[in-house]
Amino acid sequence: MAVCALLLAACGSNAPAPAATSPVIARVASDTITLAQFNVRYLSACTSIKQGGGACTGGAAVTQVRAAILRSLITDTVIREEATRLGLVATPKEIAAEVAADAQQAGGMSALQTELAGAGGSIAQLQDEISSNINEQRVEDVFAQQRAAYVEQVLATGASFTATAKTYSDDSGTTGTAAKGGDLGVLTAAQLKTYDPAFAAAVESLAVGAYSRTPVHDAGGYDIVMLYAKTAAGWSVRHILIYAGNPYNVTDRPGWFTEELFNEVDQLCAANQIQVSLTNAGGNPCTLARPSPSPATQGPTATPAG
C-alpha cells in the first residue's frame with residue numbers, strides 16, 4: 001500500500017506530551033510511545049486516505065494503516081534517541097518557532113488550523129512532523145559526515161574513483177550520476193556558477209587528476225569532487241555525493257541511512273528493548289522479516305544509541 005510506505009518515510013513522532021496521561025502502547029529502550037501520539041497520526045492518515053478516495057475502514061485496511069503508523073513511530077523514536085545521545089534533539093522552542101512561522105505564512109494561527117484540517121492534519125500533527133524532521137535531518141547529517149569520511153578512506157587505499165562512486169554515491173535516479181561513476185561531464189564556467197558555491201570553489205581549486213581530500217559540505221550534502229580534465233571548454237568533473245540535503249526531505253532518505261536505522265532496531269530487538277502492546281496493528285519490527293541490504297548500502301556502522 002503506497003500510502004503506508006509514505007507514512008513510514010514522512011511522518012514524525014515527537015509531538016509534545018499531552019496534558020492528560022495517555023496509555024503507553026509501545027516502549028523503545030528508555031522511551032515510550034503513547035496512544036495519543038498514535039492517534040495524532042492515525043486520524044491524520046485516515047482523513048488523507050478518505051480525501052484521496054480510499055477507505056480507512058474494514059479489518060485489512062485498518063490493520064495495514066495502523067501497522068505503518070506504528071512502524072513509523074518506532075523508527076522515529078530510534079532517531080530521537082540517537083539525536084538525544086548526540087545532543088541534537090529538537091527542542092520545544094524550535095518546534096514552536098516553526099509552527100509560528102507557518103502560521104504567519106498562512107495568515108494567522110486560525111488560518112493555519114483551517115489549512116491543516118483541509119489536508120487532514122492538525123497543529124499536533126504539524127508539531128509531530130516538525131520535531132521528527134529536525135531530529136532526522138540532524139542525525140542523518142552526522143551519519144553522512146561519517147560515511148563521507150569512510151569513502152575518503154576507501155579512495156585513499158587507491159580504489160577507483162569511478163567504481164567507488166557507483167558503489168557509494170547518492171546521486172542516483174534516472175538523471176543521477178552514480179551509475180556513470182559520478183561523471184558530471186564538462187561543466188562550462190556558466191554552468192559551474194549555477195552550482196553550490198562550495199562545490200564550484202572545490203572544482204576550481206583542483207589540479208587535473210586530483211580529488212578533494214576533505215568532503216565538500218554543500219546544499220546536497222557531502223561531496224567528494226574529482227577533476228579528471230580541464231580544457232578551454234570547461235572542467236570535466238566526477239563526484240561522489242553522500243546525501244544530507246538542506247533543506248532536508250525525509251522522502252529522500254538514502255538507503256544506507258535506512259539500513260543504519262534497521263541495524264539499530266535489530267540491536268534493540270535482540271536486547272528485548274522494543275515491546276508493543278497495541279492490538280490490531282502488526283507493526284512490531286521485531287517480528288517482521290526485512291530484506292538483506294544491497295552492496296550500495298554498506299559502509300561504516302554508526303555508534304548505536306546508548
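Bear in mind that the values in this text are calculations on the coordinates, not laboratory data. Note that the structure is predicted; figures quoted are calculated from it, not measured. Reconstructed Cβ throughout: ideal geometry from the backbone, glycine too, with neighbour counts over all protein chains shown.
Taking the simple approach of a point 7 Å from Cα along Cα-to-Cβ for both L288 and D102, what is their distance in nm?
Placing both labels 7 Å along Cα→Cβ, they lie 2.4 nm apart.
What's the longest uninterrupted piece of the chain once you rule out the trypsin sites (Lys or Arg not before Pro) that are loop residues per DSSP with at most 15 other Cβ within 10 Å?
1-192
Just subtract the alpha-carbon distance of R213 and S277 from 0.36 nm times their residue separation and send over the number in nm, one decimal.
Stretched fully, the R213-S277 segment lengthens by 18.1 nm.
Averaged across orientations, what area in nm² does the convex hull of the alpha carbons in region 27-71 project? Before the final figure, lay out the partial values.
Values: hull surface 13.1 nm².
Convex hull of Cα atoms, orientation-averaged projection: 3.3 nm².
Which FRET efficiency value, to the nearest 0.05, is calculated for Q153 and A232 with the Förster distance at 45 angstrom and r the Cβ-Cβ distance?
Values: r = 36 Å, r/R0 = 0.79.
Computed FRET efficiency for Q153 and A232: 0.80.
Rounded, prolate or oblate: which fits region 160-243 when a ≥ b ≥ c are the square roots of the eigenvalues of the alpha-carbon gyration tensor, with rounded for a/c under 1.5 and prolate only if a/b beats b/c?
Rounded shape, in that the Cα axes give a/c under 1.5.
For the chain, just the Cα atoms, rotate onto the principal axes and tell me the three extents in Å, largest first.
66, 49, 38
If the elastic network links every pair of Cα atoms under 10 Å, which of S110, S277, S236 fluctuates the most in the Gaussian network model of the chain?
S110
With the Cα gyration tensor of region 91-132 giving a ≥ b ≥ c as the square roots of its eigenvalues, does the rule (a/c under 1.5 for rounded; else a/b larger than b/c for prolate; else oblate) give rounded, prolate or oblate?
Values: a/c = 2.83, a/b = 1.31, b/c = 2.16.
Because a/c hits 1.5 or more and a/b fails to exceed b/c, region 91-132 counts as oblate.
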